[in-house]
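All remarks here apply to the structure that follows.
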Amino acid sequence: MNHEIISEEEFSNLPADDERCFVEFESICRRNMTRMIDENSSNDFDQAVRQQYMTAVSSVAQECNIPNISYDPQSEDNFWHQFNLFSLAVQGEVARIRIRQRGERHPYSVLLTSSTRTKIEHYISRIRDMVDRSEMDLDRKKRLNEKLDLLAKELSGQRLSFAKTMAVLVTITATLGAATTIAADGQSAIAHIMQLIGQDKESEEAAAKRLAPPPKALPSPKERPAQKERSTPARAAQAFDLDDDIPF
């Protein structure tokens, strides 16, 4: 298993613009984090990966001058509480950047396959069952089910928006984290949903690269338009000498 939160190749392809760089960097790290965490990984490993994600994203946020995002690995606060607050802060800044750049073209959506939609619908149903069987009060259960309704609505669209979906998933994650009896299973279901979305996005980008037209070749020397010869003192002198040889 590859334990890198982001590879050298992914680093080298980040955009030069600070805000775009941060958004793309965070997206890659979150996608890789959710891929590394699965039902077979240990809790210690999962926590270490999430710490790596928070450390990397907070460092790049500082470098790119993105406010309101920080992580203190020495903090004695509950780890899940830290992770949830950090995720909310990150998604808030990502949404702010995206809405400012909404007039520009960004690959912040994905066309899900029918198989992926079915699997995500399955995980939504599982989360609903967990919520119904949990010890949470009725008001919190109602709010969670409303968020799950929003997720299902987004899933029904032609293309799934990263900004809307991640905002909903982060809110669900934070709420589930407070319910100790279902926190682990709920977090696992959310991680699988994120992983499925990330896989479809990777497949879409790979397909777009394969279908992209090859770069236009430069014309051969014979096809290039002849350039007008610039006059120089040497050429002028040569022309003068040739004129002297012409008989009158």
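Worth a mention:
Matching residues to (1) under 19 Å from the mean Cα position of the chain (by Cα); (2) within 15 Å of T34 (Cα to Cα); (3) part of a loop (DSSP other than H, G, I, E, B):
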position: Q52; (1), (2), (3): yes, yes, no
position: T55; (1), (2), (3): yes, no, no
position: S59; (1), (2), (3): yes, no, no
position: Q62; (1), (2), (3): yes, no, no
position: I66; (1), (2), (3): yes, no, yes
position: S75; (1), (2), (3): no, no, yes
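- Of all positions in the range 32-49, at least one carries a residue that is basic (K, R) and touching a Gly at 6+ places or on another chain (Cβ under 8 Å).
- Count of the range 151-196 residues, restricted to those that are open to solvent by 40 Å² or more (accessible area, probe 1.4 Å) and either β-branched (V, I, T) or within 20 Å of R96 (Cα to Cα) (or both), is 5.
- Hey, E223 open to solvent by 60 Å² or more (accessible area, probe 1.4 Å), modelled with pLDDT of 80 or more and not hydroxyl-bearing (S, T, Y) or not: no
- Scan of the range 36-47 for residues that are assigned to a helix (DSSP H, G or I) and loosely packed, with under 14 Cβ neighbours inside 10 Å, ordered by number: N43, D44
- Of the residues making up the range 60-94, those that are polar (S, T, N, Q), modelled with pLDDT under 90 and open to solvent by 80 Å² or more (accessible area, probe 1.4 Å) number 2.
- Restricted to the range 125-141, and to residues there that are in contact (Cβ under 8 Å) with a residue 40 or more places away in the chain and open to solvent by 60 Å² or more (accessible area, probe 1.4 Å), the residue that is nearest to Q187 (Cα to Cα) is R126.
The values are calculated or read from the model by the stated rules, or taken from the named source; none is laboratory data. Keep in mind that this is a model prediction, so the values were computed, not measured. Cβ sites come from the backbone with ideal geometry, for glycine too, and all protein chains shown count toward neighbours. The area values use the complete protein model at the heavy-atom level, side chains included, leaving out ligands, DNA and RNA. Shrake-Rupley method; radii C 1.70, N 1.55, O 1.52, S 1.80 Å.
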